[in-house]
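A short write-up of the structure that comes next.
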Amino acid sequence: MLTLRRYSGSGLRHLLIVLIGLAMLYPVLWLLASSFKPNQDIFTDTGLWPSTWTLDNYRNGWKGFQGITFARFFGNSALVSVLAVLGNIITCSFAAYAFARLEFRFKKVWFAMMLVTIMLPYHVTLVPQYIIFSELHWINTYLPLFLPKWLAHDSFFILLMVQFIRGIPKELDESATIDGCSQQKLYFRIIMTLLAHALNTTAIITYIWKGNVL
């Protein structure tokens with residue numbers, strides 16, 4: 001008897017979850033179905049199955065506006081996002097390697113300044129950035145969208161890689177140096193290989209962030 005009550009109670013909970021899920025999914029299904037309906041049927045035909053099927057909405061949407069199709073929009077987004085990803089992976093890893101492994105004057109000061117930039121809200125730097133881009137005549141060009149990424153612009157990813165590199169044992173560096181490995185070879189053959197997870201994270205987040213902006 002207890003087993004029956006337990007199973008019936010569990011079944012009711014699962015049924016309730018399914019009903020709530022369907023209720024939350026209904027607007028999405030309605031939008032999908034409405035995309036195949038003529039404009040005059042969208043609000044008059046409330047069913048999920050269109051009485052009249054059409055692809056005109058997709059054709060008209062793909063045409064874009066002012067003679068520019070969505071293929072151009074997607075191409076622009078892909079180009080800028082890929083260039084931004086490559087810039088962050090290359091230059092942020094350079095800066096992170098310098099902070100984590102190299103010794104130079106005012107290293108701690110520069111690292112602290114970099115951390116401060118993470119704390120600044122984006123809105124604080126928005127107007128100064130626009131003024132700089134305007135003075136450089138970069139307005140209405142692709143350059144502001146990806147070129148700062150090639151200058152180690154994102155301190156967050158530098159910090160991410162610095163912490164990851166610090167977790168790599170320095171004994172590997174010493175062994176490679178004993179074997180005649182230069183700083184360049186040490187960076188490309190040892191650090192970059194072990195930094196793959198951090199680089200993948202940087203690439204994914206950069207692509208998402210840049211895609212959202214575009």
If you scan region 21-41, which residues turn out to be under 13 Å from Asp56 (Cα atoms) and hydrophobic (A, V, I, L, M, F, W, C)? Phe36
Sole miss for Ile168 among (1) touching a residue at least 12 places away in the same chain (Cβ under 8 Å); (2) part of a loop (DSSP other than H, G, I, E, B); (3) closer than 23 Å to Trp209 by Cβ is condition (3)
Can you confirm whether region 65-81 contains a residue that is at pLDDT below 95, more than 26 Å from Thr206 (Cβ to Cβ), over 22 Å from the mean Cα position of the chain (by Cα) and surrounded by 11 or more Cβ atoms within 10 Å (Cβ to Cβ)? yes
Given the structure, is Thr117 within 18 Å of Leu86 (Cβ to Cβ), assigned to a helix (DSSP H, G or I) and either at pLDDT 90 or above or under 25 Å from the mean Cα position of the chain (by Cα) (or both)? no
Go through (1) surrounded by 13 or more Cβ atoms within 10 Å (Cβ to Cβ); (2) at pLDDT 90 or above for Leu172 and report which single condition fails. (2)
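Select from region 175-188 the residues that are part of a helix (DSSP H, G or I) and more than 30 Å from the chain's Cα centre (by Cα) and write down the one among them that is modelled with the lowest pLDDT.
By that ranking, first place goes to Gln183.
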If you go through region 143-158 one residue at a time, do you hit one that is free of Cβ contacts under 8 Å to residues at least 12 places away in the same chain, of a type in the set (S, T, N, Q) and surrounded by 10 or more Cβ atoms within 10 Å (Cβ to Cβ)? no
Among the helices (runs of 4 or more DSSP H) confined wholly to region 1-102, which include 2 or more residues that are touching a Gly at 6+ places or on another chain (Cβ under 7 Å)? 70-101
Take the conditions closer than 30 Å to Thr177 by Cβ, over 20 Å from the mean Cα position of the chain (by Cα) and modelled with pLDDT of 85 or more and apply them to Phe104. Does it pass? yes
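The values are calculated or read from the model by the stated rules, or taken from the named source; none is laboratory data. Predicted, not measured: the structure shown is a model, and the values here were computed from it. Because the Cβ atoms are built from the backbone with ideal geometry, glycine has one as well, and the counts that use them run over all protein chains shown.
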